[in-house]
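Before any comments, here is the structure.
Read the figures in this text as sums done on the coordinates, not as results from a lab. These numbers come from a predicted model, not from an experiment. No Cβ is skipped: glycine too gets one built from the backbone with ideal geometry, and neighbour counts run over all protein chains shown.
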Amino acid sequence: MRATLYLAVLTAIFLGIGYLIGGNDGMVSAFIFALIMNFGNYWFSSKIVLTIYGAIPMKREEYPAIYAMIEDLAQRASLPMPTLYLIPTETPNAFATGRDENHAVVGITQGILRLLSEDELRGVLAHELSHIKNKDMLVSAMAATLAGAIAMLGRIAFWFGGNDENRSGIVGMLIMVIITPLIAMLIQLAVSRSREYGADSSGRQLLGGDGSTLASALGKLGQFTKRFPAQGTPSQEAAAHLFIINPFKASGLTHLFSTHPPMEERIRRLLA
């Protein structure tokens, strides 16, 4: 319900900017534009993410233990078997993507196979399957698309409305181009954070109610990332919200602008 409310607020902001730019016609155009962007994100998000990270399919004969583990978890979650991909990097991490349960993808890095124990890896996979079960990929894709579109519309509104001789009109446009995209981004981050907490909780249920192995995995992943943050391209960093933890270096405002909840709080909830 919270995620639905966030998306409703994002959509209202988006349509409001469209109305300010072009009245009713502008609002309708903004709505159609949002639908097109969400459609593209829905159908092609997994292919884009796999491409930018250079992921390759995992063969059953090379990783029989991983296949057995995720098949058991998928059966427990009443999910079809997702497609497995390996990301050739030593940074330990994992993600889930895909437009629905029947086209889901789970990606894991080479580094996570070396860092975690079998039980800890099982906890991570339970978390990722929970994202699929909870339809988080669609929610996150919609939030990211709307937030990005709002930022773009804010710039359009500024350039096409900033020539108003009325000083208050210019101030209003400045507020639109600065404040509105910031609000949209914060709502998007709130969606991502709530989805991570939800996947942690659902993952614990898949593990029989014991969240200790997932908590242990998160602790190891967090410590590794602090010591050895990943170096990525802008497009790779833009997809960081998909991973179980953000693999890139955190800034000083990490708690406010991070797509992931604080690690300590996630672990505390899992062990509560």
Inset, instruction - Report the local net charge at Gly222: Lys and Arg +1, Asp and Glu -1, summed over other residues whose C-beta lies under 14 Å from its C-beta. - result: +1
Legend entry - Residue-wise HN-Hα coupling along the range 112-124, computed from phi with Karplus coefficients 6.51, -1.76, 1.60 (Hz; x: Gly, Pro): 5, 5, 8, 7, 9, 6, 4, 5, 5, 5, 4, x, 5
Inset, instruction - Quick one: which residues, 5+ away or cross-chain, put their amide H under 5 Å from the amide H of Met58? H built at 1.01 Å from N. - result: Leu84, Tyr85, Leu86
Inset, instruction - Report the relative contact order of the range 33-97, percent, no decimals, based on alpha-carbon pairs under 8 angstrom and at least 6 residues apart. - result: 41
Inset, instruction - Going by C-beta contacts inside 10 Å, put His127, His241 in order with the fewest on the left. - result: His241, His127
Legend entry - For Phe248, residues with placed amide H under 5 Å, excluding near neighbours: Ala230
Legend entry - Anchor Lys133: lysines whose Cα lies under 21 Å away (excluding residues fewer than 8 positions away in-chain): Lys47
Legend entry - Net length gained if the chain between Val28 and Ala12 were fully extended (0.36 nm per residue, minus Cα distance): 4.5 nm
Inset, instruction - Excluding Lys135 itself, calculate the net charge of residues whose Cβ lies under 12 Å from the Cβ of Lys135, where each Lys or Arg counts +1 and each Asp or Glu counts -1. - result: 0
Inset, instruction - Provide the gained length on full extension for the span Leu271 to Lys59, in nm with one decimal, where the gain is 0.36 nm per separating residue minus the Cα-Cα distance. - result: 72.9 nm
Legend entry - Inter-label distance, nm, simple model (7 Å from Cα along the C-beta direction), Ile36/Lys135: 2.6
Legend entry - Förster radius 25 Å - calculated FRET efficiency between Phe44 and Ile183, Cβ distance, rounded to 0.05: 0.40
